[in-house]
């Protein structure tokens with residue numbers, strides 16, 4: 001894939017909460033907290049963001065799809081709260097889906113495993129229905145050169 005991250009430069013780090021992150025030396029950036037990727041995403045994006053939106057259908061925009069952890073946790077929230085999420089994410093440097101193992105915290109839940117795999121392997125630049133609670137569009141592109149159509153209830157940045 002054009003502009004994909006060079007997987008050889010990434011440093012994989014398991015985090016204490018059963019999830020993981022990557023460190024990208026060239027960008028000098030971690031994708032998530034090394035102290036707990038899932039814990040960080042759950043608190044910042046779901047508990048202090050998505051859960052505060054009091055609508056049945058919620059439009060989410062994520063700047064930087066990264067590992068897909070935020071999208072997965074949003075799917076989990078939508079499913080358990082009987083919401084419908086229309087989730088759009090843009091990523092300039094997508095990770096190859098074969099780099100992304102199923103996090104330990106998901107491995108005991110078959111529907112979670114299925115959703116994780118669908119989120120990770122879904123085609124870029126196409127709308128995909130994961131299930132009746134979650135629609136996903138992953139855009140491979142540069143936010144500064146992209147025209148987005150739509151209004152969003154919440155932005156993950």
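Values quoted throughout were computed directly from the atomic coordinates according to the rules given, and no laboratory measurement underlies them. Not measured: the values here are computed from a predicted model. Because the Cβ atoms are built from the backbone with ideal geometry, glycine has one as well, and the counts that use them run over all protein chains shown.
Which residue fluctuates most in the GNM of the chain (Cα springs below 10 Å): 109, 135, 30?
Top of the fluctuation ranking is 109.
Once a ≥ b ≥ c are taken as the square roots of the eigenvalues of the Cα gyration tensor of segment 67-157, is the result rounded (a/c under 1.5), prolate (a/b larger than b/c) or oblate (a/b not larger than b/c)?
In terms of gyration-tensor shape, oblate.
Expected output is a single nm value to one decimal: the length gained when fully extending between residue 12 and residue 147, i.e. 0.36 nm times separation in residues minus the C-alpha distance. What is it?
Result for the pair: 45.3 nm of gain on full extension.
Over the chain, with a Gaussian network built from C-alpha contacts below 10 Å, which listed residue (110, 76, 120) shows the highest mean-square fluctuation?
Fluctuation is largest for 110.
Can you give the helix-only mean residue ellipticity at 222 nm for the chain, where every DSSP H stretch with n ≥ 4 adds -39500 (n - 2.57) and the sum goes over all residues, rounded to the nearest 500 deg cm²/dmol?
So the calculated ellipticity at 222 nm is -5500 deg cm²/dmol.
Could you identify which residue out of 97, 80, 51 has the top mean-square fluctuation in a GNM of the chain using Cα springs shorter than 10 Å?
Highest fluctuation among the options: 80.
Sorted from fewest to most neighbouring beta carbons within 10 Å, what does the list 146, 86 look like?
146, 86
Three principal axis extents, largest first, for the C-alpha atoms of the chain, in Å?
Principal extents (Cα only, largest first): 41, 38, 26 Å.
Counting DSSP beta bridges with both partners in the chain, what percentage is antiparallel, nearest 5?
Close to 35 percent.
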